[in-house]
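To keep things clear, I will list the structure first and then write my remarks on it.
Just so it is clear, none of the values below were taken in a lab; they were calculated from the coordinates. Worth saying up front: this structure is predicted, and the values here are computed from it rather than measured. For neighbour counting, all protein chains shown are included, and Cβ atoms are generated from backbone atoms with ideal geometry for every residue, glycine included.
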Amino acid sequence: MENRGSERLNVDVVELINGAASARISTLGAEAVEWCVGGRDLLWGRETPHWDRTAPVLFPCVGWCRDGRVTIAGEAYAMHVHGFAPSIRFEVVSHDGVSVLLELADSAATRMHYPFSFRLRVRYTLEVKALRVDLEVANPGAGPLPYACGFHPGFAWPFAGGAQNDYRIVFAANEDAYVPVITRDGLISYSRRETALHERTLPLDHTTFSHEALCFLDAQSRYVTFEGPQAAIQVEANGFRHWALWSRPGAPFVCIEAWTGHGDPEDFNGEFGDKPSMEHLSPGEARRHGIVLRWLAR
């Protein structure tokens, strides 16, 4: 498909091909639903009953909000976990075969949950051994824009032979082995629990995610590596503060998530824009956040 400039393309899934690499991007949620290198499927395949998503883009919040609501200018608005972007169809702005640019702008539907003017653009660029994801949030409105965003890719586990316990997560820098306990409502508590992280390495087995996500808040690492016995997948994040690792007990996938913000603290009852770790844009301002998924063959 040729680049169509500013003409919007009416498609459900966009295919990218670069040599032996391929990717498929759904316009629903601007979600990557497939990434293959050399014929090897690296993303989770949406198999039921474990998880029916693959790699959602999170916006305008990350994580759970108390009682599924946010308060904006004193008014309560319903807000689903990770925001509404994953369930809304984006428009394709351009597509040149190896990259695609998708856009979501505010509408009557989004203002029922988030009464702000915004523009969220997501660009995927397929390289021979990498998939780049660039998020740009812009504020075309007359007032400040608070938001959080994230990228939530799930990877096949195992993806390169061996058993699940042959895999591990390796952080680029030393991180605190203690992470927040997640409450029953999905909120961030002030209690902490110890993980199996030791000297930047987190071994994986069927017990790793038995107590919900592992949230490494205000992390030092700019990338983490999902290592298998024969190859690895590296996830690099720029413009994100937090990492989260998540799966479901017995599920054959691992999510390595990059977040700018996080779920509500357990005692938070304030305005949406006053939540910890929120981003804020002035009128006319835009901000970019980038993720690179790299295939590292051995």
| note | For Met79, Met278, ascending order of other Cβ atoms within 10 Å (fewest first) is Met278, Met79
| query | Over the C-alpha atoms of segment 16-171, what are the Rg and the largest Cα-to-Cα span, Dmax, in Å? | reply | 17.3, 55
| remark: The Cα radius of gyration of the chain, divided by 2.2 N^0.38 Å with N its residue count, comes to 0.98
| request: Compute the relative contact order of the chain as a whole-number percentage, counting only Cα pairs closer than 8 Å that sit 6 or more residues apart in sequence. | output: 20
| Whole-percent pair-distance distribution, where bins are 5 Å wide, for the alpha carbons of segment 248-291 | 5, 14, 18, 15, 16, 15, 10, 4, 2, 0
